[in-house]
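Below you'll find the structure, written out as structure tokens, and then a few comments.
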Amino acid sequence: PGKIHFTWYSDTYTPPWYRGKNLITSGVPVTIVAIPEFITGGTPLNPSDLMYTWIVDDRKVPVGAGSGRGKNSYTLALSSIQDVSYQVAVEIKDDENTFLIKKYIPIEALSPEILFYEKPPLDLVDRTTLTEETIYAGDSITVEAEPFYTSRKALEYITFLWSVNRRTVSGSNTNDRVFQLTTQE
């Protein structure tokens, strides 16, 4: 008797103050880790001694390309096409080539999104998403754009073009995620 626990990691961006997990996005590789838990004769089997065969959408990954002895993690290169899902499985065998277990994990890629936050004056960690904000004459607001779940590599190529009332703001820094709007009295 035994079981497999799965965990995964995707190198997508979330703000440092975000408490959730970096979700999977199209075009960004995801690393899946199988953590086996097998006990024979009262002794746990060493995960590095087991043979792992990774299977993606019913196609086995060859030994050397991800499958093999002690290969309990696999990095899947996701398609850049939006809303594509994958069915990833791992088969585990022991030293005698005895089949121990096979388990599936669905991998679903989401679309990246940009959320807007009002940046508090003291730059507090607690932020609330802006959905709609009314600014009265003479008031100001500092808005911060956060590109959730985009590739970390793509961050350096993202430009921010701010607009107010559907008019592009001239002179703003295209690398700046923060925009301060001050209205006239």
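The values are calculated or read from the model by the stated rules, or taken from the named source; none is laboratory data. All figures in this text were calculated on a predicted structure; none of them were measured in a lab. Cβ placement follows ideal geometry from the backbone for every residue including glycine, while neighbour counts extend to all protein chains displayed. In case anyone asks, the SASA skips ligands and DNA or RNA and just uses the protein heavy atoms, side chains included. Shrake-Rupley method; radii C 1.70, N 1.55, O 1.52, S 1.80 Å.
Annotations for the structure displayed:
- The set of residues in the range 141-170 being open to solvent by less than 100 Å² (accessible area, probe 1.4 Å), more than 21 Å from Tyr18 (Cβ to Cβ) and part of a strand (DSSP E or B) consists of Ile141, Ser163, Val164.
- Every pair of residues 6+ apart whose Cβ atoms lie under 6 Å, when the first sits in the range 1-20 and is at pLDDT 85 or above while the second is part of a loop (DSSP other than H, G, I, E, B) and hydroxyl-bearing (Ser, Thr, Tyr): Thr12/Tyr149; Tyr13/Thr150
- For the range 84-113, a residue qualifies if it is farther than 18 Å from Trp8 by Cα, surrounded by fewer than 12 Cβ atoms within 10 Å (Cβ to Cβ) and touching a residue at least 12 places away in the same chain (Cβ under 8 Å), and the qualifying residues are Asp95, Asn97.
- Taken over the range 31-45, the criterion of being surrounded by 11 or more Cβ atoms within 10 Å (Cβ to Cβ) and not hydroxyl-bearing (Ser, Thr, Tyr) is satisfied by Ile32, Val33, Ala34, Ile35, Pro36, Glu37, Phe38, Pro44, Leu45.
- Residue among Gly66, Gly27, Gly20, Gly2 that is small (Gly, Ala, Ser), open to solvent by less than 70 Å² (accessible area, probe 1.4 Å) and in contact with an Asp or Glu (Cβ under 7 Å, 6 or more places away or on another chain): Gly2
- Scanning the range 33-47 turns up one or more residues that are at pLDDT 90 or above and either under 30 Å from Ile114 (Cβ atoms) or assigned to a loop (DSSP other than H, G, I, E, B) (or both).
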